[in-house]
Amino acid sequence: MKKIVDKLRKECFLEKEEFIDLIQKRNDDCFEYMSSLARIEREKVFGKKVYIRGLIEFTNYCKNDCFYCGIRKSNKNAVRYRLNEEDILECCKQGYELGFRTFVLQGGEDFYYSDELLCHIVENIKKNYGDCAVTLSVGERSYQSYKRLFECGADRYLLRHETASEEHYKKLHPSDLSLENRKQCLFNLKEIGYQVGCGFMVGSPYQTVENIVDDLFFINDLKPHMIGIGPFISHCDTKFADFANGSVELTLFLLSVLRLMFNRVLLPATTALGTLDPNGREKGILAGANVIMPNLSPVSVRKKYSLYDNKICTGDEAAECNICVRNRIKKIGYEVVEERGDY
Ligand code: 5AD
Ligand code: FES
């Protein structure tokens, strides 16, 4: 095991069979060793810095029906909402005062937000907060749309690929969605000039170790600036309601793998990780992550943005999460910084 880990550290990549072995045969010692190396690599590049991104969940309308997701269009129990431009700017104002220098506008695929409307919102955020980065996470759109939003000032784009294996993709999504298009979107975003984030869920239904290795290979082809991974968590109103949640331990292990593969990548310790384990986000940082994305959405809508069950922080004001996150990071010897934290 140690030999494979050392090879990964040195060459930042492995053969398929080696990755499979690494994941399948990992034990506690291997986990600890990986995680200590990941911390070393992370600290070489970023020191003890942790970047914070203010997440604004601005719409839970979605035209898609991904089988795992609580805001899928056919979930009749979801109470839908949209934030208007004024609401969004208010979230940014609060966030800016709390020290956030990146705002992530995330939503379902909701074409109520036309290019024109989104551009207007992005332009206004950039006008008011010129020293901040704007990240969009609004799903699959056309090349022209991505280009327009970039030209209006959006800096980054998050679009998890969800799984890089064709067969697995079909088990998680209805037939009107395609992996091919999703991958194309990611390459388009990169070509246009965004800092791009892809990612996947750990332990999603039917996922195999081979699927995870396919994800690592895809990520290596794309060479993204950010990678979002978190455990799958079942949602009671989806057809995956009875599937087991993903493993926190495997998620942490994969964070370390990703850190050894891509030493400069921006890697969040996700809310899903914090949902399955009360110290999940801290453990994520200690496994090699360097980003945390506290919620800036108005408390009145937070419970409604329910991608999975039991999501944390849905009752807390932005200011409370801000203090909480800063304390948690400080406790483990790291430091939240007031910087954009570009790649
Ligand atoms: N469990 C964990 N993560 C989920 N996501 C969506 N539904 C779930 C779930 N049930 C993730 C997807 C999506 C991101 C915004 O949230 O990977 O890209
Ligand atoms: Fe929201 Fe701790 S981060 S309450």
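Rounded to the nearest whole angstrom, the semi-axes of the ellipsoid equivalent to the stretch 268-308, taken from the Cα gyration tensor as √(5λ), stand at 22, 11, 7, largest first.
Pairs of Cα atoms nearer than 8 Å and 6+ residues apart set the relative contact order; for the stretch 1-131 it is 25 percent. Note on Gln144 and Tyr343: the model spin-label points, each 7 Å out from Cα along the C-beta direction, lie 2.7 nm apart. For the chain, the mean residue ellipticity at 222 nm estimated from helices alone is -13500 deg cm²/dmol, where every DSSP H run of n ≥ 4 contributes -39500 (n - 2.57) and the total is divided by all residues, rounded to the nearest 500. Note on the chain: dipole from Cβ charges, positive end direction compared against Ala78, Val336, Tyr146; the farthest Cα belongs to Val336. Under 5 Å between amide hydrogens, built in the peptide plane, is the criterion, and for Asn295 it picks out Leu55 among residues at least 5 positions away or on other chains.
Divide, for the chain, the radius of gyration over alpha carbons by 2.2 N^0.38 Å, where N is the residue count. Cα Rg divided by the expected 2.2 N^0.38 Å: 0.93.
Pull out the extension gain between Lys93 and Glu166, defined as 0.36 nm times the separation in residues minus the alpha carbon to alpha carbon distance; nm, one decimal.
Between Lys93 and Glu166, full extension yields 22.1 nm more.
Neighbours of His168 by Cβ distance under 13 Å: Lys/Arg scored +1, Asp/Glu scored -1, total -3. Under 20 Å of direct C-alpha separation, and excluding same-chain neighbours fewer than eight residues apart, Lys3 reaches these lysines: Lys16, Lys25.
Geometric descriptor of the stretch 1-121, per residue, is 202 Å³ (volume of the convex hull of the Cα atoms). Here the stretch 271-343 is treated with +1 on each Lys and Arg Cβ and -1 on each Asp and Glu Cβ, and its dipole about the Cα centre works out to around 180 debye.
For a test of the definition: using alpha carbon positions, the gyration tensor, and the 1.5 limit on a/c, classify the stretch 88-144 as rounded, prolate or oblate. Prolate, since a/c reaches 1.5 and a/b exceeds b/c. Distance distribution note for the stretch 187-343: the fraction of Cα pairs above 28 angstrom is 22%. Here's the list of lysines a cross-link from Lys330 could span, going by alpha-carbon distance under 22 Å and ignoring same-chain residues fewer than 8 apart: Lys44, Lys48, Lys49, Lys283. Here the label points at Glu18 and Asp316, each 7 Å from Cα along the C-beta direction, are separated by 4.0 nm in the simple model. The order of Leu250, Leu296, going from fewest to most other C-beta atoms within 10 Å of their C-beta, is Leu250, Leu296. Over all other residues within a Cβ to Cβ distance under 12 Å of Ile20, the charged ones net out to -3, with Lys and Arg as +1 and Asp and Glu as -1. Could you tell me how far the Cα centroid of the stretch 306-343 sits from the Cα centroid of the stretch 181-242, in Å? Each part's Cα centre sits 23 Å from the other's. From the square roots a ≥ b ≥ c of the eigenvalues of the alpha-carbon gyration tensor of the stretch 15-76, which class results: rounded (a/c under 1.5), prolate (a/b over b/c), or oblate? Oblate, since a/c reaches 1.5 and b/c is not below a/b. Under 26 Å of direct C-alpha separation, and excluding same-chain neighbours fewer than eight residues apart, Lys76 reaches these lysines: Lys63, Lys170, Lys171, Lys239, Lys303, Lys304, Lys311. The charge dipole of the chain, taken about its Cα centre with unit charges on the Cβ of Lys, Arg, Asp and Glu (plus for the first two, minus for the last two), comes to roughly 460 debye. Once divided by 2.2 N^0.38 Å, the Cα radius of gyration of the stretch 99-230 becomes 1.09.
Within the stretch 1-89, the trypsin sites (Lys or Arg not before Pro) that combine a DSSP coil assignment with at most 10 other C-beta atoms in a 10 angstrom radius are Lys25, Lys76. Residues Lys190, Lys330 in ascending order of nearby Cβ atoms (within 10 Å, fewest first): Lys330, Lys190. The Cα trace of the stretch 283-327 gives Rg and Dmax of 11.7, 33 Å, the first to one decimal, the second as a whole number. On full extension, the segment bounded by Gln184 and Thr208 gains 6.3 nm, given 0.36 nm per residue less the C-alpha separation.
Simple spin-label estimate for Phe217 and Cys236 gives 4.1 nm between the two label positions (7 Å along the Cα-to-Cβ direction from each Cα).
Could you tell me which of rounded, prolate or oblate describes the stretch 226-313, using a ≥ b ≥ c as the square roots of the eigenvalues of the alpha-carbon gyration tensor, with rounded for a/c under 1.5 and, failing that, prolate when a/b is larger than b/c and oblate otherwise?
oblate
On a C-alpha basis, how far is the centre of the stretch 254-277 from the centre of the stretch 81-157 in Å? Whole number, if you could? That distance is 24 Å.
Throughout, read-outs are computed from the coordinates displayed, never taken from laboratory work. Worth saying up front: this structure is predicted, and the values here are computed from it rather than measured. Counting neighbours? That spans all protein chains shown, and the Cβs are built from the backbone with ideal geometry, glycine included.
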